[in-house]
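One structure is given below, encoded as C-alpha cells.
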Amino acid sequence: MAWRKEELRRLFLRHVCQTSSEPLGLVVERASGSFVYTVDGEAYLDFMSGIAVNNIGHTHPKVVSAIVEQAQKYLHVMVYGEYVLEPQVTLAKRLSELLPEPLDVVYFTNSGTEANEGALKVAKKFTRRSKLIAFDGSFHGDTHGSLSVTGRSVYREPFEPLLTNVTFLPFNDVDALGEIDEQTAAVIVEPIQGEGGIRIPSERFMRELRSRCDQVGALLIFDEVQTGFGRTGRMFALEHWGIVPDIITLAKALGGGMPIGAFVGRADVMGTLSQEPPLSHVTTFGGHPVCCAAALASLDVIIGERLWERANTVGEYIIGRLRKLKWGSNLILDVRGLGLLIGIEFAHEGAARRFVSQSLKRRLILGWTLHSERVVRVAPPLNVSDDEVEMAMDIMEKALREN
Ligand code: PLP
C-alpha cells in the first residue's frame with residue numbers, strides 16, 4: 001500500500017494541475033458520515049465538509065441508492081431545457097416549494113459560479129442595465145463574471161480586464177447603499193460572507209439593502225451557495241433576515257456530494273432567457289438527471305431529519321466551547337457564526353495556520369477562509385454526532401494549547 005500511496009502522490013503533483021504549493025494531499029480511500037479514510041487506514045474527522053458540501057455527511061446511503069437507481073434508467077440525454085426529465089422537474093418543484101414566493105422558476109447549473117453567472121446575466125437582460133454592485137470580502141466563484149464581482153482585488157487583478165461596470169461597497173455599511181442607483185442591474189450579496197471570514201451582517205443592513213434595491217428597480221441576488229440547505233441553522237440563510245431576494249443562487253450542498261447548482265427567480269425575470277433571442281443562456285450538462293436524483297435524496301434527509309435544527313443546537317454548543325477557549329487565550333480574537341458555519345478569528349495568520357496544521361496532525365480537518373487567512377472555518381456535516389463533536393473539541397483544545 002505504501003508504494004501505491006507515494007506513487008499516487010507523485011502522479012497527483014505531476015499531472016493534476018495544482019492550485020497551491022501546499023495541497024492537503026490526503027490519499028483518500030473512502031469517506032463515510034463525518035470521516036474521510038486514507039489508504040493507510042487513518043480516519044480523519046471532517047469539519048470542513050468538502051467546504052460546506054457534505055451537509056448530510058459523506059457518501060450518504062440514500063444518495064448513493066438514488067444515484068444508482070437513476071444511472072440505471074438514463075444519464076445525459078439532451079442539453080438542459082429540451083426534454084422533460086422527471087428528476088429535474090421534481091427537484092425544481094421541490095426547490096420552489098422550499099423557497100419563499102415568488103422564487104419559483106429554477107435554472108440548473110453544474111456549479112456555484114455558473115449559478116452566479118446565470119443570475120448576473122438574467123438580471124442584466126431583464127433590467128436592460130449593466131451596472132453591478134457587490135461587496136468587499138465577497139466570494140462568488142472563479143469564472144470571469146463571478147470573479148468580476150468577487151470582493152478581493154488580489155484574486156481579480158491577474159485576470160483583468162474583467163467586467164468593467166462593477167462597484168464594490170463595504171459590507172454591512174448602511175451608509176454606502178446610496179451607490180445603488182437607477183443604472184444598477186443587480187446587487188449580489190452573500191447573506192453571510194463565507195470566504196470573507198464568516199461575516200454576519202446586521203438585520204438593518206439587509207432590510208435597507210432590500211428597500212434600496214426596490215427604490216431604484218435593481219434586482220437583489222442572494223448567493224446562498226455556501227449558506228444554503230441548513231448550514232446556518234435555517235434551511236436558507238435568507239430566513240434569518242426575513243427578506244426575499246429577486247434571485248437566489250444555490251450549489252455545494254444541493255447535490256448531496258454531486259455537482260449541481262441552480263439560480264432561482266421570479267417567473268417574469270427568468271422568462272427573459274427564452275426570448276430575444278431564444279436560447280440566450282444554455283448549458284449541456286446543467287441539471288444532470290443523476291445529480292438531480294442525488295439532490296432529491298439529500299433534501300429528503302435534510303428535511304426528514306430537520307438538520308437545520310441540529311445545526312443550530314450543535315453550532316451553539318461549539319461556539320460556546322470555543323468562546324471558553326478564547327477567554328483563556330490571547331491568540332483568539334473572536335468566535336462567531338450561525339448554525340454550523342463558524343469562524344475562529346486568530347490574532348495573526350501564523351496562529352491560524354498552526355491551529356489548522358496541529359488539528360490535522362491529530363486527524364481533524366479544518367481550514368481557513370479564502371479572503372481571511374486569520375479566520376479558521378469550522379463547518380462539520382449537520383448530522384455530526386455528539387461524540388464526534390467532543391472528539392473535535394478535544395483536538396481543537398490541544399491544537400490551541402500547542403500553538
Ligand atoms: N459562491 C459562494 C458563496 C461560494 O462559497 C462559492 C464556493 O466556495 C462559490 C460561489 C463558487 O462555487 P463553485 O466552486 O461551485 O463554483
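Taken together, the values in this text are just the output of simple stated rules run on the coordinates, not laboratory data. No experiment lies behind these values; they were computed from the predicted model shown. Here Cβ is always computed from backbone atoms with ideal geometry, including for glycine, and neighbour counts include all displayed protein chains.
Loop only by DSSP, 12 or fewer other Cβ within 10 Å of the Cβ. Give me the GluC sites (Glu not before Pro) in segment 8-92 that pass, ordered by residue number. Listed in order of number, the matching sites are 82.
Protection proxy ranking, highest mean first, for peptides 286-293, 381-388: 286-293, 381-388, where packing is the per-residue count of other beta-carbon atoms within 10 Å, averaged. Restricting attention to the chain, close to 65% of DSSP beta bridges with both partner residues there are antiparallel.
Relative contact order of segment 74-304, taken over Cα pairs closer than 8 Å and 6 or more residues apart, is 28 percent. With a Förster radius of 35 Å applied to the C-beta separation of residue 162 and residue 78, the computed FRET efficiency comes to 0.60.
Using the Cβ-Cβ distance between residue 30 and residue 128 with R0 set to 45 Å, the FRET efficiency works out to roughly 0.30. Inter-part distance, segment 171-222 to segment 48-74, computed on C-alpha centroids, equals 34 Å. For the peptides 204-211, 370-377, the ranking by mean Cβ contacts within 10 Å, running from highest to lowest, is 370-377, 204-211.
Entry note: the chain has Rg to Rh equal to 0.96, where both radii use alpha-carbon atoms and Rh is the Kirkwood radius. For the residue pairs 62/93; 73/252; 252/326; 131/252; 5/361, alpha carbon separations beyond 23 Å are given by 73/252; 252/326; 131/252. Under a Gaussian network description of the chain, with springs only between Cα atoms under 10 Å, the residue in 389, 149, 122 that fluctuates furthest is 389.
Each stretch of four or more DSSP H residues adds -39500 (n - 2.57); spread over every residue of the chain, this sum gives -12000 deg cm²/dmol at 222 nm. In segment 92-136, the inverse of the mean reciprocal separation of distinct Cα atoms equals 12.2 Å; this is its Kirkwood hydrodynamic radius.
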